[in-house]
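These notes are about the structure you will find just below.
Where a number appears in this text, it was derived from the coordinates with a stated rule and is not lab data. Source: prediction; values computed, not measured. Note that we place each Cβ from the backbone using ideal geometry, even for glycine, and neighbour counts take in every protein chain shown.
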Amino acid sequence: MTSFVRRLTVGSTIPHVPVHHQKFKPTIEVPAFRLLPHNNQRPLGIALRSRKYWRVEAVGPVGRSEGGDGTKKAGGGPGPGAGPCSYSLGDRTTEVERRERNRTVEVVVAAGVTVVLGVGNRVLYKLALVPLKHYPFFLAQLATFGYVLVYFSVLYLRYHAGIVTDEMLSMPKAPFLAVGLLEALGAATGMAAGAILSGASIPILSQTFLVWQILLSIIFLGRRYRINQLLGCFLVAVGVVISVASGSSSGHSLKEAGMFWSLLMIVSFLFQAADTVLKEVIFLDAAQRLKGGSIDLFVVNSYGSAFQALFICLLLPFLSKLWGIPFSQLPNYLKDGAACFLNIGGTLSSRCDGAPLLPLLFVIVNMGFNISLLHLLKISSAVVSSLASTFSVYVFTLPLPYLGVASSLPTGFVAGAIILVTGLLIYAWTPSGSTAALPSPSN
């Protein structure tokens, strides 16, 4: 069996480096090729060794110690011949760990921004209803149709800036149609049930949203969750229920409203959960169609909002009736709502103090909340985005003096907060040697 050793170096000029051959061993000439210097350092060389196989190592222009270890001395450290191209499995592991830490930090920051915007969204919605207290349905339609205009305007600018590509715009539109339908159905059923249920019972029933997301992601995404993640989600839901229900008669109000309306609200959250899981499917499918690329957020938001507005138009007779507005009177209602929003119209404007500033602030923050929630879903998962949204519901139950909430914490609120935070920590805890059960939809 033959074995041979040969060495060559390359650069702007090839230095005289002795080539040592083992006795009676044949050699093979390998053509030299040029390597560019790295970071203004001396030109690199390549050493080729073969004992049953080839091994390519980066070395400096100065000769290196002979022997089988190549780059290491007896002490185990890197030899002087190791150049800037030296690479090892340990380096690769460190790089992977660094990227994982960066991804974790990105998800945590995005979740924090989502929680802040979620709380601001709820606060500003209450403030926006001060001048528009007689026109909440107008405010809802203003947000729905206003988003279409804003999202497509931003999409147009991003397309001409080269951020959005033709491949992104050529994605199949059927999933976006389904997103719009689910959002419209979720809004319609939620409005119908919300008109009957009390305000305290709705946040409690909203915890079924997290349950639906877990079930749908298992069915349609093939997700497998660790025990600590399932326990953490359960504790988060329990903590919110205890915090919201403490000091309120929500349980009694649920009995008064009847089982049907409670079930209808749960179905509404099923539609919303299916919407978020479907968006995650869109991101996963886009990563394959775009060959590892990622679809722009405004492509999803623009087409989804457009189809939602289309279905809302079809459901207007039903929705206006839910708000107690006869469909024949809807044009006059929208006209008066627009006059109140613009704070014009004589005696009508005297009841609309705070418009249009407060409604506009709500629309802007609500738009930012939706974008941040979709971004969080894109870089993590639907369940993580749901946890952030759920936590914002809890923060909203804190005593906020500027909303007229009592300054003292109700009984059981602290216990609910402790359970909720414990659930978040348990969910985030990753046992050693295990992998995350919620892979990111995109790289």
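May I ask you to order 177-188, 142-153 by the average number of other C-beta atoms within 10 Å around their residues, highest value first?
Working: 177-188: 20.6, 142-153: 17.2.
Highest mean packing first, the order is 177-188, 142-153.
Going highest first, how would you order 130-138, 154-162, 93-101 by mean Cβ packing within 10 Å?
Numbers: 130-138: 18.6, 154-162: 13.7, 93-101: 10.4.
Going by the mean number of other Cβ atoms within 10 Å, highest first, we get 130-138, 154-162, 93-101.
For ALA415 and ASP285 in the same chain, what is the full-extension length gain: residue separation times 0.36 nm, less their Cα-Cα distance, in nm?
Working: separation 130, 0.36 × 130 = 46.80 nm, distance 4.20 nm.
Gain in length upon complete extension: 42.6 nm.
Around VAL130, with a cut-off of 13 angstrom between Cβ atoms, what is the net charge of the other residues, counting Lys and Arg +1 and Asp and Glu -1? Walk me through the intermediate numbers first.
Numbers: positive: LYS126, LYS133, ARG351; negative: ASP353.
Net local charge, VAL130 excluded: +2.
Can you give me the distance in nm between label points at ARG103 and LEU157, each placed 7 Å from the Cα along the Cα-to-Cβ direction?
About 3.2 nm, to one decimal.
Please list, in order, the residues from segment 157-191 whose amide nitrogen is less than 20 Å from a point placed 7 Å along the Cα→Cβ vector of LEU314.
172-191
Around ALA355, what is the net charge, scoring Lys/Arg as +1 and Asp/Glu as -1 over all other residues with Cβ under 14 Å from its Cβ? Provide the component values of the computation, followed by the final result.
Working: positive: LYS133, ARG351; negative: ASP336, ASP353.
Every neighbour counted, the sum reads 0.
Taking a ≥ b ≥ c as the square roots of the eigenvalues of the Cα gyration tensor of segment 310-378, is the shape rounded (a/c under 1.5), prolate (a/b larger than b/c) or oblate? Mind showing how you got there, number by number?
Working: a/c = 3.53, a/b = 1.25, b/c = 2.83.
Oblate.
Could you give the semi-axes, largest first, of the ellipsoid that matches segment 188-231, computed as the square roots of 5 times the alpha carbon gyration tensor eigenvalues and rounded to whole Å? Write down the numbers at each step before the final one.
Working: eigenvalues 159, 36, 3 Å².
Those come to 28, 13, 4 Å.
Once label points are set 7 Å from the Cα along Cα→Cβ at both PHE260 and LYS133, what is their separation, rounded to one decimal in nm?
3.1
Determine the alpha carbon to alpha carbon distance for each of LYS126/LYS321; LYS279/LYS321; LYS173/LYS335; LYS321/LYS378; LYS291/LYS378; LYS126/LYS335 and list only those over 28 Å.
Details: LYS126/LYS321 23 Å; LYS279/LYS321 30 Å; LYS173/LYS335 34 Å; LYS321/LYS378 36 Å; LYS291/LYS378 16 Å; LYS126/LYS335 22 Å.
Long pairs (Cα-Cα over 28 Å): LYS279/LYS321; LYS173/LYS335; LYS321/LYS378.
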